[in-house]
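Chemist: Got a structure for you, questions after.
The values are calculated or read from the model by the stated rules, or taken from the named source; none is laboratory data. None of these values were measured; they are calculated from a predicted model. A quick note on method: Cβ atoms are made from the backbone with ideal geometry, for glycine too, and the neighbour counts reach across all protein chains shown.
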Amino acid sequence: MVNLKGKTAVVTGASSGLGADAARAYAQAGANVAILARRREKLDDLAKELSSLGIDVFAASCDVTVEEQVKSAIEQTVSKFGNIDILLNNAGVAVRGGVHQLSSEDWDKSFNTNVKGIFLMSKYVVPHMMKQNYGKIVNVSSINAHVADKQDAFIRHSYNSSKAAVIGLTLGMACSYGKYNITVNTVCPGLFESEMTENSLFKSTEFLDFYNATCPMGRPGRRGEVSGTILYLSSDLSSYVTGQYIIVDGGMTLI
């Protein structure tokens, strides 16, 4: 239903989880894909998988908090594909702890990856989109921008704050770049199994029992269930949608 043939999509945090699933969805829709992450071995495996779908793939080791690496990755992407039409800012980290427990380094780690990473990627991608008068930017926030965890073991104040900042940045960018036919939106996923959650939240029977009992759909999200929303916001189906956030959580934030 979504045809992205001829488009180029850049995905950060593409080595696993939501980012890898989104890269697969872009490729299945016909887009050429640049996959960026810190772990090159996992990227190479994904690149082989995506190439089998008949699209062109570029993989680059890139820490989104390091400006020179971001600049280089974007320059290489443009050199290979000639353009960038879609940017999925997915790279993120979750640091546990309340403000009375977090170190300054913990706080900075959250904001450097979750917010500064989006700033740096957008800094080098937006000029290309402005030049071609077209672009689709999708930022990944979280339901934790809207709700928090009461249980001490799952308190993540820097995560709450940084993911809320993602929404604020989305609003500002959407207002500024709409005149260039660039839309900027945010996806806020609920609980999905990923490397970030499988060794923490998914290992806690107490947490999962609470989540399943509270969530209207009675379960966490499944692999790929965010990809449809991402494809919608990355395609011309959402040509008049900008500055919005879409919560994909099975209704969890309704409670």
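Chemist: Please determine whether any residue of segment 96-107 is modelled with pLDDT under 95, surrounded by 17 or more Cβ atoms within 10 Å (Cβ to Cβ) and of a type outside the set (S, T, Y).
Modeler: First, pick out the residues of segment 96-107 that are modelled with pLDDT under 95: 96.
Those still in the list that are surrounded by 17 or more Cβ atoms within 10 Å (Cβ to Cβ) too: 96.
Keeping just the survivors that are of a type outside the set (S, T, Y) gives 96.
There is at least one residue in segment 96-107 that is modelled with pLDDT under 95, surrounded by 17 or more Cβ atoms within 10 Å (Cβ to Cβ) and of a type outside the set (S, T, Y).
Chemist: Please enumerate the residues belonging to segment 78-93 that are closer than 19 Å to T170 by Cβ and surrounded by fewer than 20 Cβ atoms within 10 Å (Cβ to Cβ). Before the answer, list the steps.
Modeler: Here is the first cut: in segment 78-93, the residues closer than 19 Å to T170 by Cβ are 84-93.
V93 - this is the single residue of segment 78-93 that is closer than 19 Å to T170 by Cβ and surrounded by fewer than 20 Cβ atoms within 10 Å (Cβ to Cβ).
Chemist: Name the residue that is farthest from D85 (Cα to Cα), counting only residues in segment 4-30 that are over 17 Å from the mean Cα position of the chain (by Cα) and touching a residue at least 40 places away in the same chain (Cβ under 8 Å).
Modeler: First, the residues of segment 4-30 that are over 17 Å from the mean Cα position of the chain (by Cα): 4-7, 28-30.
Subsequent filtering for residues that are touching a residue at least 40 places away in the same chain (Cβ under 8 Å) retains 4, 7, 29.
Values: L4: 10, K7: 6, A29: 14 Å.
Top of the filtered list is A29.
Chemist: On to the next question. Since V126 meets every condition but one in (1) of a type outside the set (D, E); (2) crowded, with 22+ Cβ neighbours inside 10 Å; (3) assigned to a helix (DSSP H, G or I), which condition does it not meet?
Modeler: (2)
Chemist: Also, I was wondering about something else. Any idea how many residues of segment 140-188 are in contact with a Leu (Cβ under 7 Å, 6 or more places away or on another chain) and either among the basic types (K, R) or under 17 Å from I84 (Cα atoms) (or both)?
Modeler: Within segment 140-188, residues that are in contact with a Leu (Cβ under 7 Å, 6 or more places away or on another chain) and either among the basic types (K, R) or under 17 Å from I84 (Cα atoms) (or both) number 1.
Chemist: Here's another thing I want to ask about it. When you scan segment 213-251, how many residues do you find that are among the aliphatic types (A, V, I, L, M) and either at pLDDT below 95 or out of contact with any Phe, Trp or Tyr (no Cβ under 9 Å at 6 or more places or on another chain) (or both)?
Modeler: So the answer is 5.
Chemist: Being under 16 Å from D106 (Cβ atoms) and among the basic types (K, R) is the filter here, so list the residues in segment 150-171 that pass it.
Modeler: Once the filter is applied, which keeps residues that are under 16 Å from D106 (Cβ atoms) and among the basic types (K, R), segment 150-171 yields R156, K163.
Chemist: I'm checking my understanding of the structure. Among residues of segment 211-231 that are of a type outside the set (G, A, S), touching a residue at least 40 places away in the same chain (Cβ under 8 Å) and surrounded by fewer than 18 Cβ atoms within 10 Å (Cβ to Cβ), which one is nearest to K136 (Cα to Cα)? Before the answer, list the steps.
Modeler: Going residue by residue through segment 211-231, those that are of a type outside the set (G, A, S) are 211-212, 214-217, 219-220, 222-223, 225-226, 229-231.
Those left that are additionally touching a residue at least 40 places away in the same chain (Cβ under 8 Å): 211, 214-215, 223, 226, 229-231.
Narrowing further to those that are surrounded by fewer than 18 Cβ atoms within 10 Å (Cβ to Cβ): 214, 223.
Working: T214: 34, R223: 23 Å.
Among them, the one singled out is R223.
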